[in-house]
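Chemist: Quick one: the structure is below, questions incoming.
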Amino acid sequence: MKEINIKYSQAVKEALEKGLPVLALESTIIAHGMPYPENVATAIRVEEIAREHGAVPATIAIIGGQLCAGLEKKEIERLGKAGYKVPKVSRRDIPFVMASGGMGATTVASTMIIAAMAGIPVFATGGIGGVHRGAEKTMDVSADLEELARTNVAVVSAGAKSILDLKLTLEYLETKGVPVVGFGTDEFPAFYTRKSGLGVDYRIDDVAYLAKALHLKWSAGIEGGVLVANPIPEAVGMEFEQVEEAIQIAIQDADRLDYEGKRLTPYLLGRIKELTDGKSLEANMQLVFNNVKLGAQLAVAYSKL
Ligand code: PSU
Ligand code: MN
């Protein structure tokens, strides 16, 4: 366990010292991914779910310029309340937000970096960033994909939203050698829906088997992450057509209003919520809970190896 540069919560520190399962969680989903107060309620419930399934939650963020693994409830509350005022921190931003001495909300990419530094191999979130639609012109490709290519952390997500070009996202991951595992599915899930029409590299139904594959990859020195795609539960999944229609409108609006760069994803998420009368937010919360459960189970299985 490296102590350099990271401030651990007491629970996370103890668990890492004892080799007990820890699950990393991101904070952009809190500050930018959902509105207040649902974001704070979700983040706190997520931590409980991790514990219920045997893993110590390590929500990752920058607080007071420090890289943190494990937050206090009041820190989660502050992050959630400040929302968009908190800078979104990807790989490039980490040193600058540290130097500012303020707060930063970590994306999948920066959460992976900090989790790896802290010695936490499993991380659960909602959805990852990817190749945006129209990327052939805009070159908007999330730094999350590059991070998956280089950092040894397994990321449990519900796939990626179809605000992205999912086919190109999977091509990119293939080129970078990032395995895409469908947990209990042959189809790559598209966040709000279980369907995308696209496949995965490996369908795995058993957490112990997945933990073993992760262990073998990293023991062999094969660098990089693994994307574990866990479909939204059937009962709360949305109709593909409804989601697709909302996404089309949101993308057109974003284009008209000139949203781009790091502001694009949060704008699209908020607009889709409006267009689906809040249904997308409820689905979003449920799929995060489902991913955290699997992430905790995976952390437990991995810690036994
Ligand atoms: N996708 C979602 N919800 C999110 C994000 C992505 O469905 O909250 C956040 C994650 O933190 C992800 C980041 O790492 O957006 C990707 O942003 P960008 O496309 O700017 O790299
Ligand atoms: Mn981007």
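Chemist: Being open to solvent by less than 10 Å² (accessible area, probe 1.4 Å) and in a loop (DSSP other than H, G, I, E, B) is the filter here, so list the residues in the range 102-122 that pass it.
Modeler: Hit for the range 102-122 is I120, nothing else.
Chemist: Further, regarding this structure: Identify the single condition in (1) under 27 Å from A61 (Cβ atoms); (2) within 16 Å of ligand 2 (Cβ to nearest atom) that T138 does not satisfy, given that it satisfies every other one.
Modeler: Going through (1) under 27 Å from A61 (Cβ atoms); (2) within 16 Å of ligand 2 (Cβ to nearest atom) one by one, T138 breaks only (1).
Chemist: Now a separate question. From E47, E38, E77, E26, grab the single residue that is acidic (D, E) and surrounded by 24 or more Cβ atoms within 10 Å (Cβ to Cβ).
Modeler: E26
Chemist: Let me ask you something else. Could you grab me the full set of residues in the range 150-161 that are more than 16 Å from ligand 2 (Cβ to nearest atom) and either buried (at least 18 other Cβ atoms within 10 Å of the Cβ) or among the aliphatic types (A, V, I, L, M) (or both)?
Modeler: Within the range 150-161, T151, V153, A154, V155, V156, S157, A158, G159 qualify.
Chemist: Do you know which residues across the range 265-294 are within 14 Å of ligand 1 (Cβ to nearest atom), farther than 18 Å from A158 by Cβ and surrounded by fewer than 21 Cβ atoms within 10 Å (Cβ to Cβ)?
Modeler: Y267, G270
Chemist: Looking only at the range 185-199, filter to residues that are open to solvent by less than 30 Å² (accessible area, probe 1.4 Å) and of a type outside the set (S, T, N, Q); which one of those is nearest to M238 (Cα to Cα)?
Modeler: Y192
Chemist: Could you list, in sequence order, all residues of the range 11-23 that are in contact (Cβ under 8 Å) with a residue 60 or more places away in the chain and more than 14 Å from H53 (Cα to Cα)?
Modeler: The answer is V12, L16, G19.
Chemist: Could you look through the range 128-149, keep only residues that are aliphatic (A, V, I, L, M) and within 12 Å of the chain's Cα centre (by Cα), and pick out the one that is farthest from K262 (Cα to Cα)?
Modeler: L148
Chemist: In addition: Among the residues of the range 253-264, is there at least one that is within 19 Å of A190 (Cα to Cα) and either surrounded by fewer than 14 Cβ atoms within 10 Å (Cβ to Cβ) or within 20 Å of the chain's Cα centre (by Cα) (or both)?
Modeler: yes
Chemist: Given the residues A69, A55, which is the only one that is open to solvent by less than 10 Å² (accessible area, probe 1.4 Å), within 25 Å of G159 (Cβ to Cβ) and not aromatic (F, W, Y)?
Modeler: The unique qualifying residue is A55.
Chemist: It is to be established whether one or more residues within the range 109-118 are closer than 24 Å to Q286 by Cα, within 16 Å of ligand 2 (Cβ to nearest atom) and out of contact with any Phe, Trp or Tyr (no Cβ under 7 Å at 6 or more places or on another chain).
Modeler: yes
Chemist: I'm told C68 meets every condition in (1) closer than 23 Å to E147 by Cβ; (2) hydrophobic (A, V, I, L, M, F, W, C); (3) assigned to a helix (DSSP H, G or I) except one. Can you identify the failing condition by its number?
Modeler: For C68, the failing item is (3).
Chemist: If I go through the range 123-144 residue by residue, how many of them are more than 11 Å from ligand 1 (Cβ to nearest atom), hydroxyl-bearing (S, T, Y) and open to solvent by less than 10 Å² (accessible area, probe 1.4 Å)?
Modeler: Number of matching residues: 0.
The values are calculated or read from the model by the stated rules, or taken from the named source; none is laboratory data. From a predicted model like this one, the values you see are computed outputs, not experimental measurements. Neighbour counts run over all protein chains shown; Cβ positions are idealised from the backbone, glycine included. Ligands, DNA and RNA are excluded from the accessible area calculation, which covers all protein heavy atoms including side chains. Shrake-Rupley method; radii C 1.70, N 1.55, O 1.52, S 1.80 Å.
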